[in-house]
1. Test SER231 against the criterion of being modelled with pLDDT of 95 or more, in a helix (DSSP H, G or I), hydroxyl-bearing (Ser, Thr, Tyr) and over 20 Å from GLY261 (Cα atoms), and give yes or no.
2. Going by the structure shown, is GLU184 more than 24 Å from the chain's Cα centre (by Cα) and exposed (fewer than 15 other Cβ atoms within 10 Å of the Cβ)?
3. Where residues in the range 208-224 are at pLDDT 95 or above and among the hydrophobic types (A, V, I, L, M, F, W, C), which of them is surrounded by the fewest Cβ atoms within 10 Å (Cβ to Cβ)?
4. Please go through the range 234-272 and give me each residue that is assigned to a loop (DSSP other than H, G, I, E, B) and crowded, with 17+ Cβ neighbours inside 10 Å, ordered by number.
5. Of the residues that sit in the range 34-60 and are among the β-branched types (Val, Ile, Thr) and not in a helix (DSSP H, G or I), which one is nearest to LEU133 (Cα to Cα)?
6. Hey, among ARG129, ARG111, which residue is touching a residue at least 40 places away in the same chain (Cβ under 8 Å) and touching a Lys or Arg at 6+ places or on another chain (Cβ under 6 Å)?
7. Just one of LEU163, LEU157 is at pLDDT below 50 and in contact with an Asp or Glu (Cβ under 7 Å, 6 or more places away or on another chain); which is it?
8. Surrounded by 20 or more Cβ atoms within 10 Å (Cβ to Cβ) and assigned to a loop (DSSP other than H, G, I, E, B) - does that describe any residue in the range 61-77?
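The values are calculated or read from the model by the stated rules, or taken from the named source; none is laboratory data. Fair warning: this is a prediction, and the values are worked out from it, not measured in the lab. For neighbour counting, all protein chains shown are included, and Cβ atoms are generated from backbone atoms with ideal geometry for every residue, glycine included.
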Amino acid sequence: MAEKEKPKIQTLDDLFGIPAAAPVDVPKGTAFMETVVSMSISQIRDFANHPFRVRNDDITQEIVRDIRNTGRIETPAIVRPVEGGYEMISGHRRKLACSLAGLDAMPVIVREMTDDEATIAMVSANRQREQVLPSEKAHAYKMWLDALNRQGQRTDLTCATLLHKSDGTKSREVIAQQEGISHEQVRKFIRLNELIPELLEMVDNDAAKAKDKPTMAFSVAVEISTLSADSQRDLLLTMQSEERTPSISQAMLMKQKTAEGSLNMDAIFQIMQQDKPNQKDQIKLPRERNQQILPRRYAGAED
């Protein structure tokens, strides 16, 4: 195998435009590890199955403007060496901004990490983004949980009481403690991974308050995630034909019928035909008209 091309080593002074000092002497075998270096963007690949979307949004464009004004990016990314190059751990948005600004290289810190260490570090670095969609949290929490479970040397990844080997704490609780939420909420987010893509997108639309797009409430989606993929597709077709989404009670009823083995297209259609409180036709009359046609105690009149 051809030896991996080593990026040009630079000091912080080099990166930030200060006159260069004496050449950096890097011992053989530890070259550029934990050292800020300028690395060609073409050498850096995105993290495998990166759960967070890298958007060319207002924040990215602000970084692009800063780069064009200063000619540099201030904060180094974190990468790890992998076969054929380097893998991004933290800095996907900065990498995109550098490309958009016309830079061929960016400052990075190279760090040796195992796959599980890299996964945990990647999620930790990205989870505080300005906007994280439910689908992104769902994928990230699942990757994080699996990494913790593997570190705990357990193979049963579906058990609700998986232990983290370092302190005996449930793996979900490790995530919950760092996220500041309950372990049950972590479980619900991970459940979203069982949704078909069309329904998961509806959950994202609801969280983003997207206009003129189909939406589904988070609590409803968690219940729907217990349905098989085929049943979810049948539900999607019914939602589209009836132009309505299931209520939480309807979702729970479908979940119950799934457990009983009696959920099919007809059952889904019958359940969806049931009126939700906010979908029932309501007749509203002016207060004065109410007082004329209803007994006094029903018309809302004062005693």
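1. no
2. No; evaluated as a whole, the condition is false for this residue.
3. In this case the residue turns out to be PHE218.
4. The answer is THR245, PRO246, SER247, LEU263.
5. Among those residues, the one meeting the criterion is VAL54.
6. After ruling out the rest, the residue left standing is ARG111.
7. LEU157
8. Scanning the range 61-77, I find at least one residue that is surrounded by 20 or more Cβ atoms within 10 Å (Cβ to Cβ) and assigned to a loop (DSSP other than H, G, I, E, B), so the answer is yes.
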